[in-house]
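Here the structure is laid out as structure tokens; the discussion comes afterwards.
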């Protein structure tokens, strides 16, 4: 392949870094590898109840066989809001001794007899092969079924809105368990 030229010399002639040359020889797709590393970082951070910082997470990943750099782990933890929580002394901030009215959780005492009496919501992320997607679900409390849902590649802080004329979410999902054509 290279004849009498060294890899370093060929890279100089092509104006390519050696790291870039070796990186292009890897068989794995970079997005798949990035998703795998991101998933492992999240798993380690959550296994240790977010008490591990990027240095300890990096050591743990290397122990598990991942080739990672501490700067990459720190970036992933920062992007996913997984930086270690520093344990602090407990400080009471709730002022329970006040003259204001305390509101009860009314949903706990409700006896539902039909639809559209109680709505709840949930948002979660799902790991796909090359990325994470967010699923927002707004089920009716009676009976428990997915009313409206919407996929997001990023947490857009927007839940599907209801269209009163159609009686369903703007994406068309209503009591049929569908969310953009896929089962919810």
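Tabulated data for the structure shown
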read-out	value
Peptides ranked, highest mean first, by Cβ atoms within 10 Å: ranges 8-14, 43-49, 106-112	43-49, 8-14, 106-112
Likely footprinting exposure, 54, 22, fewest C-beta neighbours within 10 Å first	22, 54
Alpha-carbon centroids, the range 89-117 and the range 6-20: separation in whole Å	66
Burial ordering of 124, 58, 92, 35, fewest other beta-carbon atoms within 10 Å first	92, 124, 35, 58
Neighbour-count ranking [beta-carbon atoms within 10 angstrom, fewest first] of 79, 36	79, 36
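Throughout, read-outs are computed from the coordinates displayed, never taken from laboratory work. Fair warning: this is a prediction, and the values are worked out from it, not measured in the lab. Glycine also receives a Cβ, built like all others from the backbone with ideal geometry; neighbour counts cover every protein chain displayed.
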